[in-house]
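Enquirer: Got a structure here, written out as structure tokens. Questions coming.
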Amino acid sequence: MNFLPVGEQLEIIRRGTTEIIPEDELKNKLQRSLDSGKPLRIKLGCDPTRPDLHLGHSVILRKLRQFQDLGHHAILIIGDFTGMIGDPTGQNKTRPALTVEDVRANGQTYFEQAAKILDPDKTEIVYNSDWLGKMSFEDVIKLASSYTLARMIERDDFTKRFKNEDPIALHEFLYPLAQGQDSVHLKSDVELGGIDQKFNLLVGRHLQKEAGLEQQVCLMMPLLVGTDGVQKMSKSYDNYIGLNDAPNDMYGKMLRVPDELIYTYFELLTDVPVQELPALKQKAETDPRNSKHELAWTITRMYYDESAADAAREHFEKTIINKEIPDEMPEFRFEAGSTHKMVHIIKEVNFAPSNGEARRLIQQGGVSLNGETIEDVNAEVTFKTGTELVLKVGKRKFGRLLA
RNA sequence: GGGGAGAUACCAAAGUGGCCAACUGGGGCAGACUGUAAAUCUGUUGUCUUUCGACUUCGCAGGUUCGAAUCCUGCUCUCCCCA
């Protein structure tokens, strides 16, 4: 393997990082691997409890990919065992523990999505139940003795929950230890994680030292702010853009992101070269509109391709900006000769979860048929052979009703 | 082991026998505005129902009552204090 010079590698590695602890060690490790031709072992643990990946996950996965491209060895840990505990990080509640089967199945889904970013052929996949599941109670006690309560509860999450008089289950203290044990087992050189993982990653360093191993470098990425511009991107806040989102959704959601995030997104989520970033930053401030379109296009292209990105842009301009009807939309067939209430149709095609909600949408002027806003809550539609109607609900739900 | 407090809709949080499908805030959704957002303003936010209304919902299970989120009993869970 031919590695780039340490300085160049560092420049790529540093992009977007929040913190590298300690950076000197990373430099040394890189130098050593350059001298010996031996790649570094880069560890990334993933939590398979929620297998829907979004752009937030991509920040770290992309960092791992960068290491891969630099010639290092990527290890993706499916935390099937730790998943049963539930990471207490950022939680204000005890998480429900999942069964092994659940977590295993999720792990597969997770990897399939991660493969959009990683080089799947060069990724080693491991399940931490393989070693954690074999530990004896004695082993666990030994492990638990290596950390103190005081150090454990200095964590923000625990402190907060403790102050709020929220429950903290004892086994949650084992989570960081288990994750750290992974590092011991895998002899990782670097562990990647979000900045909220700092504590967990440092425990890994600590445990490696106890085990007489070389310590891993901890590399933390910022938490991606979600589309609401406030909270970290997360499915539970519904402020995410999924890796599996359709191109149109991806593009549209991206444009709804607050202007302030444009640059950050370019830096953390796209593959534009480092050298172009300053210019993009400038543009994000002076010309947010076009800059954001560029961002949306770039990201859609990354997960699909250029033509999909072009099409998504067109779709957006058409439907949202010009308020036209899109070319393509889901079609719904109705029996010729049948009559349905609008309310029922809306619910039927899943544009509203209940009849009540559908009624509300009509009352609020959010429903139109062939461009005409429906005023009457009781409106009915009779389908004849050849009937073709365009139903619009809200700003972006379109459907073609056919008979 | 002993004593005390608590569990309300997506979240937070009022409500302590009828006026409660449940105040209020956040969030969500829709409309206006806009380059998409944000901000702002307006409306809306259990299910079924055109209206009237009916039904289900306030940790779980029973009970008292004409009537219960509100009272009683048991259970489950959580927090605090003492040991």
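The values are calculated or read from the model by the stated rules, or taken from the named source; none is laboratory data. The structure presented is a predicted model; accordingly, all values stated were derived computationally and were not measured. So basically every Cβ, Gly included, is an ideal-geometry build from the backbone, and we count neighbours across all protein chains shown. Surface areas here come from the heavy atoms of the whole protein model, side chains and all, with no ligands, DNA or RNA. Shrake-Rupley method; radii C 1.70, N 1.55, O 1.52, S 1.80 Å.
Enquirer: Return the residues of the range A:212-249 that are open to solvent by less than 40 Å² (accessible area, probe 1.4 Å), part of a loop (DSSP other than H, G, I, E, B) and at negative phi; say none if nothing qualifies.
Expert: A:Gln216, A:Pro222, A:Leu224, A:Gly226, A:Thr227, A:Met233, A:Ser234, A:Asn239, A:Ile241, A:Leu243, A:Asp245, listed by residue number.
Enquirer: Sort out which residues of the range A:237-249 are over 17 Å from A:His57 (Cα atoms), within 14 Å of RNA strand B (Cβ to nearest atom) and either among the charged types (D, E, K, R) or free of Cβ contacts under 8 Å to residues at least 40 places away in the same chain (or both), and write them in order of number.
Expert: Answer for the range A:237-249, where residues must be over 17 Å from A:His57 (Cα atoms), within 14 Å of RNA strand B (Cβ to nearest atom) and either among the charged types (D, E, K, R) or free of Cβ contacts under 8 Å to residues at least 40 places away in the same chain (or both): just A:Asp249.
Enquirer: Just the residues that are assigned to a loop (DSSP other than H, G, I, E, B), within 17 Å of A:Glu331 (Cα to Cα) and of a type in the set (A, V, I, L, M, F, W, C), please, taken from the range A:363-383.
Expert: Residue satisfying the conditions is A:Phe383 alone.
Enquirer: When you look at A:Lys292, is it within 16 Å of RNA strand B (Cβ to nearest atom) and free of Cβ contacts under 8 Å to residues at least 12 places away in the same chain, yes or no?
Expert: The answer is no for A:Lys292.
Enquirer: State all residues of the range A:55-81 that are within 19 Å of A:Arg104 (Cα to Cα) and open to solvent by less than 10 Å² (accessible area, probe 1.4 Å); if no residue qualifies, say none.
Expert: Hits for the range A:55-81 are A:Ile75, A:Leu76, A:Ile77, A:Ile78, A:Gly79, A:Asp80.
Enquirer: Tell me whether the range A:240-248 contains one or more residues that are over 14 Å from A:Leu53 (Cα atoms) and either at pLDDT below 90 or not acidic (Asp, Glu) (or both).
Expert: yes
Enquirer: Within the range A:14-24, is even one residue more than 15 Å from A:Cys218 (Cα to Cα) and without any contact (Cβ under 8 Å) to a residue 40 or more places away in the chain?
Expert: no
Enquirer: Looking only at the range A:17-54, which residues are open to solvent by 10 Å² or more (accessible area, probe 1.4 Å) and part of a loop (DSSP other than H, G, I, E, B)?
Expert: If the condition is that a residue be open to solvent by 10 Å² or more (accessible area, probe 1.4 Å) and part of a loop (DSSP other than H, G, I, E, B), then A:Thr17, A:Thr18, A:Pro22, A:Gly37, A:Lys38, A:Pro39, A:Asp47, A:Thr49, A:Arg50, A:Pro51, A:Asp52 are the ones that fit.
Enquirer: Answer yes or no: is there a residue in the range A:291-300 that is over 17 Å from A:Gly399 (Cα atoms), open to solvent by 50 Å² or more (accessible area, probe 1.4 Å) and under 26 Å from the mean Cα position of the chain (by Cα).
Expert: yes
Enquirer: Further question: Considering only the range A:139-172, how many residues are in contact (Cβ under 8 Å) with a residue 40 or more places away in the chain, open to solvent by less than 60 Å² (accessible area, probe 1.4 Å) and away from RNA strand B (no atom under 11 Å from the Cβ)?
Expert: Residues in the range A:139-172 being in contact (Cβ under 8 Å) with a residue 40 or more places away in the chain, open to solvent by less than 60 Å² (accessible area, probe 1.4 Å) and away from RNA strand B (no atom under 11 Å from the Cβ): 6 in total.
Enquirer: Would you confirm, using the coordinates I've provided, whether A:Phe383 is among the aromatic types (Phe, Trp, Tyr), outside the structural domain of A:Leu55 (by TED's automatic domain parsing) and in contact with an Asp or Glu (Cβ under 8 Å, 6 or more places away or on another chain)?
Expert: yes
Enquirer: So, one more: Return the residues of the range A:301-327 that are surrounded by fewer than 17 Cβ atoms within 10 Å (Cβ to Cβ), within 13 Å of RNA strand B (Cβ to nearest atom) and part of a helix (DSSP H, G or I); say none if nothing qualifies.
Expert: A:Glu317, A:Lys318, A:Ile320, A:Ile321
Enquirer: Next question. Taking the range A:354-399 as the search range and keeping residues that are under 14 Å from A:Glu324 (Cα atoms), in contact (Cβ under 8 Å) with a residue 12 or more places away in the chain and open to solvent by 40 Å² or more (accessible area, probe 1.4 Å), which one is nearest to RNA strand B (Cβ to nearest atom)?
Expert: A:Lys395
Enquirer: OK, next. Here are A:Glu138, A:Glu165: which of them is assigned to a loop (DSSP other than H, G, I, E, B), acidic (Asp, Glu) and either in the same structural domain as A:Leu201 (by TED's automatic domain parsing) or out of contact with any strand residue (DSSP E or B) (no Cβ under 7 Å at 6 or more places or on another chain) (or both)?
Expert: Step by step, each of A:Glu138, A:Glu165 is checked, and only A:Glu165 is assigned to a loop (DSSP other than H, G, I, E, B), acidic (Asp, Glu) and either in the same structural domain as A:Leu201 (by TED's automatic domain parsing) or out of contact with any strand residue (DSSP E or B) (no Cβ under 7 Å at 6 or more places or on another chain) (or both).
Okay, residues lined up against (1) over 23 Å from A:Asp271 (Cα atoms); (2) among the hydroxyl-bearing types (Ser, Thr, Tyr); (3) at pLDDT 90 or above:
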residue	(1), (2), (3)
A:Lys38	yes, no, yes
A:Thr82	yes, yes, no
A:Ile85	yes, no, no
A:Pro88	yes, no, no
A:Arg95	yes, no, no
A:Glu101	yes, no, no
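Enquirer: Among what's in the range A:250-289 and is touching a helix residue (DSSP H, G or I) at 6+ places or on another chain (Cβ under 6 Å) and open to solvent by 60 Å² or more (accessible area, probe 1.4 Å), pick the residue that is farthest from RNA strand B (Cβ to nearest atom).
Expert: Ranking the candidates gives A:Lys281 first.
Enquirer: On to the next question. Go through the range A:211-234 residue by residue and tally those that are within 16 Å of RNA strand B (Cβ to nearest atom) and aliphatic (A, V, I, L, M).
Expert: Of the residues in that region, 4 qualify.
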